[in-house]
1. Tell me which residues, restricted to region 178-209, are within 16 Å of the ligand (Cβ to nearest atom) and of a type in the set (A, V, I, L, M).
2. Among the helices (runs of 4 or more DSSP H) contained in region 1-81, which hold 1 or more residues that are in contact (Cβ under 8 Å) with a residue 40 or more places away in the chain and among the aliphatic types (A, V, I, L, M)?
3. Answer with yes or no whether ILE154 is within 15 Å of the ligand (Cβ to nearest atom), touching a strand residue (DSSP E or B) at 6+ places or on another chain (Cβ under 8 Å), without any contact (Cβ under 8 Å) to a residue 60 or more places away in the chain and in a strand (DSSP E or B).
4. In region 45-89, how many are within 15 Å of ALA24 (Cβ to Cβ) and in contact with a strand residue (DSSP E or B) (Cβ under 7 Å, 6 or more places away or on another chain)?
5. What are the residues in region 235-259 that are touching a residue at least 60 places away in the same chain (Cβ under 8 Å), touching a Phe, Trp or Tyr at 6+ places or on another chain (Cβ under 8 Å) and within 14 Å of the ligand (Cβ to nearest atom), if any?
6. Report yes if ALA90 is within 16 Å of the ligand (Cβ to nearest atom) and farther than 20 Å from ILE138 by Cα, otherwise no.
7. Could you list, in sequence order, all residues of region 101-129 that are closer than 23 Å to VAL240 by Cα and part of a loop (DSSP other than H, G, I, E, B)?
8. Which residue, of THR168, THR164, is surrounded by 18 or more Cβ atoms within 10 Å (Cβ to Cβ), assigned to a helix (DSSP H, G or I), out of contact with any helix residue (DSSP H, G or I) (no Cβ under 9 Å at 6 or more places or on another chain) and touching a residue at least 12 places away in the same chain (Cβ under 8 Å)?
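Where a number appears in this text, it was derived from the coordinates with a stated rule and is not lab data. In this text the structure is predicted, and so the values were computed from the model without any measurement. When we count neighbours, we look across all protein chains shown, and the Cβ atoms used for this are built from the backbone with ideal geometry, even at glycine.
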Amino acid sequence: MAAAKEIGVVGSGQMGSGIAQLAAVNGLDVWLHDTDPGALTRAKKSISESVQRSVSKGQLPQEVGAEALGRIKFTSNLEDFRSADVIIEAVIESEEVKKILFGQLDRIAKGPAILASNTSSISITRLATATSRPHQVIGMHFMNPPPVMKLVEIVRGADTSDDTFNATKSLAERLGKTVICSQDYSGFIVNRILMPMINEAFHTLYTGVATKEDIDTGMKLGTNHPMGPLELADFIGLDVCLSIMKVLHAGLGNSKYAPCPLLVQYVDAGRLGRKRGIGVYNYQKAPKI
Ligand code: 3HC
């Protein structure tokens with residue numbers, strides 16, 4: 001399979017825009033899609049600011065930064081993906097939404113194109129059933145923030161071919177990432193281990209064992225994690241954490257994966273983390289008096 005030159009990214013949130021930026025900086029032509037024009041405008045701004053920051057820190061030559069920004073095209077029309085070699089889906093964590101999207105992409109994408117999902121835990125095998133090319137469907141799970149984190153977790157569905165796996169691995173390595181390979185079971189590798197830890201941090205808070213600050217400091221200084229589990233949950237999004245716990249609970253069928261009631265309550269209250277200005281912590285600036 002020839003090396004990818006053009007990729008499509010569906011969903012211009014934190015993950016999609018980070019993947020688009022990473023691909024463009026590494027020389028690929030990118031289409032970034034979102035149905036919401038406002039989301040595309042925000043993505044354009046955040047990608048541009050992030051690339052400018054790298055340029056001003058001397059990490060990226062000015063002309064490379066400018067070329068990268070010029071390589072990203074923003075669209076609300078999926079038909080623009082017809083010449084993409086690889087399409088990476090990074091929309092909300094809903095199996096129903098992703099299946100509908102995969103069916104559309106299957107009709108639009110050229111025959112040899114790979115359809116990849118950045119899903120954090122949904123079955124690649126089931127997503128592939130929405131297409132006529134299950135051997136070309138694969139999980140390409142980036143970590144947040146994609147431009148910074150060194151890992152891509154590649155998930156093989158039941159029918160993913162070796163050619164698709166090898167081409168996806170080459171693409172991830174071209175983006176400067178180390179690859180790990182997971183079979184298609186709920187949560188794959190990273191979230192199967194990370195999310196129960198985050199859920200346990202919520203139980204630790206919920207049962208009054210310690211304050212949120214002490215839980216986070218304990219894990220930061222006690223185990224050298226860059227962020228404590230509650231701070232990380234806010235960073236990832238509490239809604240995302242909850243939906244992954246639900247997938248683990250349903251897929252692995254063990255009560256140890258049941259979401260902590262406090263996590264459920266925060267999500268019910270709209271306390272979704274940094275993106276909403278409030279989660280476990282409050283990120284809103286105190287009002288001026
Ligand atoms: N885009 C590009 N660059 C970014 C960035 C972003 N969104 N966020 C931070 N950076 C860069 C900064 O510019 C800075 O670059 P420099 O070292 O060259 O100056 C560097 O990253 C460090 O950033 P900061 O100094 O602002 O802050 P920190 O040192 O606290 O680092 C962090 C921020 C990299 C996010 C760090 O706190 C961290 O590694 N946290 C843990 C993140 C993590 O665990 N991610 C995985 C979550 S699990 C997941 O994604 C799976 C999903 O399915 C749920």
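1. VAL179, ILE180, ILE189, VAL190, ILE193, LEU194, MET195, MET197, ILE198, ALA201, listed by residue number.
2. Qualifying helices (runs of 4 or more DSSP H): 14-25, 62-71.
3. yes
4. Of the residues in region 45-89, 10 are within 15 Å of ALA24 (Cβ to Cβ) and in contact with a strand residue (DSSP E or B) (Cβ under 7 Å, 6 or more places away or on another chain).
5. LEU248
6. Against the criterion (within 16 Å of the ligand (Cβ to nearest atom) and farther than 20 Å from ILE138 by Cα), ALA90 does not qualify.
7. ASN118, THR119, SER120, SER121, ILE122, SER123
8. Exactly one residue qualifies, and that residue is THR168.
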